[in-house]
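Asker: If you scroll down you'll find the structure; I have some questions about it.
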Amino acid sequence: GGGAGAAMADGEGLVSVDYEVHGKVQGVFFRKYTQGEAKRLGLVGWVQNTTHGTVQGQIQGPTARVRELQEWLKKIGSPQSRISRAEFSNEKKIQALEHKEFQILK
């Protein structure tokens, strides 16, 4: 940590990043907890289960907040989940949010 103030200007930009979380992440309320955490951080995007047993989605918001959710997806997740790894891709700077809220998709 440390030096948070100096990076403030950089942290104000908006980013979009896709994610996929591997492990025991289905049937453990992972999507519901992810949505709750995203809303707490003020992020938008979506989350859904895949047919191959992972959870995937997209996060958009201020860079610093997106980083917080990425850490949460890598290390914490829902109480009963067992995360083996989280992969992030297609990260890019965006001018405006492309979602109105953080949704759970079927």
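Asker: Would you kindly state how much longer the chain becomes between ILE104 and GLU71 on full extension, computed as 0.36 nm times their sequence separation minus their alpha carbon distance, in nm to one decimal?
Answerer: This chain segment gains 9.9 nm when fully extended.
Asker: Taking every Cα atom in the chain, find the radius of gyration and the maximum pairwise distance Dmax, and write them in Å.
Answerer: 13.5, 43
Asker: Could I ask something else about it? Which lysines have a Cα lying under 25 Å from the Cα of LYS32, excluding residues fewer than 8 positions away in the same chain?
Answerer: Straight-line reach from LYS32, under 25 Å: LYS24, LYS74, LYS75, LYS100, LYS106.
Asker: Could you tell me how many degrees, from 0 to 90 and to the nearest 10, lie between the Cα long axis of helix 30-41 and the main elongation axis, the longest principal axis, of the Cα atoms of the chain?
Answerer: 20
Asker: Any idea what angle helix 63-75 forms with the longest principal axis of the chain, computed on alpha-carbon atoms, 0 to 90 degrees, nearest 10?
Answerer: The angle comes out at about 30 degrees.
Asker: Quick one: net charge around GLY77, please, counting Lys, Arg +1 and Asp, Glu -1 for every other residue with C-beta under 10 Å from its C-beta.
Answerer: Details: positive: LYS24, LYS74, LYS75, ARG82; negative: GLU37.
Net local charge, GLY77 excluded: +3.
Asker: Kindly work out what percent of the DSSP beta bridges joining two residues of the chain are antiparallel, to the nearest 5.
Answerer: On the way: 24 of 27 bridges.
That works out to approximately 90 percent antiparallel.
Asker: So what is the relative contact order of the chain, in percent, for Cα pairs below 8 Å that sit 6 or more residues apart?
Answerer: Normalised by residue count, the contact order of the chain is 42 percent.
Quick note: the coordinates plus some simple rules give every number you see, no bench work behind them. Values in this document were obtained by computation on a predicted structure and should not be read as measured data. FYI the Cβ positions are ideal-geometry reconstructions off the backbone, even for glycines, and counts take in every protein chain you see.
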